[in-house]
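Just below is one structure, and these are the notes that go with it.
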Amino acid sequence: MPNAELSQQGRSVDDVIADLEAKRVDDVKWEDGRAFGMVYDGGPSVHEVAERAAKIYLHENALNTKAFPSLGAIQSEVVGWTAGLLHGDGAAGFLTSGGTESILCAVKAARERAKAERGIEAPEMIVAESAHAAFHKGAHLFGLRLHKTPVLDDWTVDVDAMASMVNDNTALIVGSAPQYPQGVMDPIPEIAALAASAGANCHVDACMGGFVLPFAERLGREMAPWDFRVEGVTSISADIHKLGYAPKGVSVILHRTKELRRYQTFVFDDWLGGFYASPNLQGTRSGLPMAAAWAVMQHLGVDGYVELTRQTLENADTMRAGVAEIDGIRVLGDGAFHLVAIASDPAADDPIDVFALGDALERRGWFHDRQGPPDSLHSTVSNSNTGVMDDYLAALRASVEEVRGTSTDDRSTNYATLE
Ligand SMILES: Cc1ncc(COP(=O)(O)O)c(C=O)c1O
């Protein structure tokens, strides 16, 4: 197919915007609360403050904070507030474009530290099979050998298996709080102790949990320690563009100390352009997501986040309880927070094909990602789903009855796509 041609003379603003609006017709209707993931809706006033901040910073470039000192201040304030929430007294970090970039920065920092402090030339890292794909991307890009460990029956990582893979080249051991596929918390204290005994970094992937767990704790939810209160944790990633309710393009990477943070940065002056220092993987970086995140965090404050988290957990609990009442499906694991994986119940007389179920739900306008193994429907529940859970459960019950006794040949999973 020939490439489309750019119009010669350009088009009017109204025309262009109308076309963009029309393009969205098949996009998931997240505004109606019908998506369990991808977009997290903090409500009208959060939209307003983000949009107004975005408008101010639409064109600004955070590459050079000498030219844009306001973005330097915005970054350090957002990082500082996040460090405070995660009990990182003395922690230092940067803003990145998202969870993947924060994780890549953590992998790079672990590699540099292992080389500088322990002379390791062939660094290795250990992650659970439930750890996010971004760690594999990091191992690939930065040349670390990756060991993948199994999870136990409760979907948490097998720390004994991790221990058996530790050797003199271990630069990084990873735990998730919580992990994405089933939403359970890895045992961070044990992972951190293992990493410390090996002299390695311990990264906690709280991309999902970083802006939920601190507020869930304030709401009285029990959880094992997972943040900088755990000795041996050297870095944490926490995504503001997920349950921090900022628009896309912003995450925080935190290191326990400024000394550990310096392994992440890149400084260079041996070219014709002068001194070049960059905190993360980007060069030019948009000020928009940084300013919008600053504005959203300021607007919500701790009380606002506690309320959004209360709603989120109520929505997730409603989903878990509803699934438990339906014959043929079940929730995987005992996740107590906002991630829910719906799978077929092998103990039922008539187990449901959850991919056929996902299709039936989609026909009713509800969207879950398909994941596996094992085949399951992923849900990142959030405040977006407030007020629609009864309708969702009605659709779930109807969809289960529709597909009972049937299956689909399409076994594909779809977390992310190329085009
Ligand atoms: C636990 C966890 N880590 C990392 C990521 C990657 O984040 P991003 O998609 O912002 O790059 C995700 C995304 O869902 C996640 O759930």
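The values are calculated or read from the model by the stated rules, or taken from the named source; none is laboratory data. Computed from a predicted structure; not experimentally measured. Glycine gets a Cβ as well: all are built from the backbone with ideal geometry, and neighbour counts include every protein chain shown. Ligands, DNA and RNA are stripped out before the accessible areas are found, and what is left, the full protein with its side chains, is counted by its heavy atoms. Shrake-Rupley method; radii C 1.70, N 1.55, O 1.52, S 1.80 Å.
Values computed for the structure shown
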{"item": "Positions within segment 381-419 being touching a strand residue (DSSP E or B) at 6+ places or on another chain (Cβ under 8 Å), surrounded by 13 or more Cβ atoms within 10 Å (Cβ to Cβ) and within 25 Å of residue 245 (Cα to Cα), in sequence order", "result": "381, 384, 415"}
{"item": "Conditions (1) within 23 Å of the chain's Cα centre (by Cα); (2) assigned to a helix (DSSP H, G or I); (3) free of Cβ contacts under 8 Å to residues at least 40 places away in the same chain: number failed by residue 394", "result": "(1)"}
{"item": "Condition met for residue 79 (under 19 Å from residue 242 (Cβ atoms), assigned by TED's automatic domain parsing to the domain that holds residue 287, under 22 Å from the mean Cα position of the chain (by Cα) and touching a residue at least 60 places away in the same chain (Cβ under 8 Å))", "result": "yes"}
{"item": "Index of the failed condition, residue 135 passing every other in (1) open to solvent by 10 Å² or more (accessible area, probe 1.4 Å); (2) in a helix (DSSP H, G or I)", "result": "(1)"}
{"item": "Any hit, segment 158-179, residues being open to solvent by 10 Å² or more (accessible area, probe 1.4 Å), within 15 Å of the ligand (Cβ to nearest atom) and closer than 27 Å to residue 101 by Cβ", "result": "no"}
{"item": "Selection count where residues are open to solvent by less than 10 Å² (accessible area, probe 1.4 Å), closer than 21 Å to residue 409 by Cα and within 16 Å of the ligand (Cβ to nearest atom), scope segment 329-367", "result": "1"}
